[in-house]
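The structure appears below as structure tokens.
Values quoted throughout were computed directly from the atomic coordinates according to the rules given, and no laboratory measurement underlies them. Remember, predicted model here, so these are calculated numbers, not experimental data.
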Amino acid sequence: MTQIMDPCHPETVRVAASHQAQARQIADELAAIAATGMVLPGSITQRRTRCGRDNCACHADPPRLHGPYWQWTRKIAAKTVGRWLSPAQREDYQPWIDNDRRLRDLLAGLEALGAAALEADPRWKREPAHRRTTQNSP
Ligand SMILES: [Zn+2]
């Protein structure tokens, strides 16, 4: 059981054993993924494109587009950047993208545990009503 001392009260934040077990499980998987070093943000999507030649089949009706090509994209400061990938690169990097998604899910799970612990804190019930109202206001 993890205990964090409150400097103003002799009480502690008590975390249930099940909470710790879940956190340990998340930490193990996080560490295992991180240790591979194979983590890539963004996504890989299949693209079919039109070229600049007016008489090309890609401008016909119905169009026969070029591709499929694979493009890796990610957002940096609200701007999307990307690179074209070969089919072999796409196969190599897709698992990296999947790892990144899993890391985010695991982190969200850890945060949910923390939020649930805070909500379950028995000291909420002992707080005077006026203080609770003040704390909940922005
Ligand atoms: Zn074309």
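Annotation: average projected area of segment 9-71 is 10.0 square nanometres, based on the convex hull of Cα atoms across all directions.
In sequence order, segment 38-48 has phi-based couplings of 9, 9, 9, x, x, 8, 10, 10, 8, 10, 10 Hz under the Karplus curve 6.51 cos²θ - 1.76 cosθ + 1.60, θ = phi - 60°, and Gly or Pro positions carry x.
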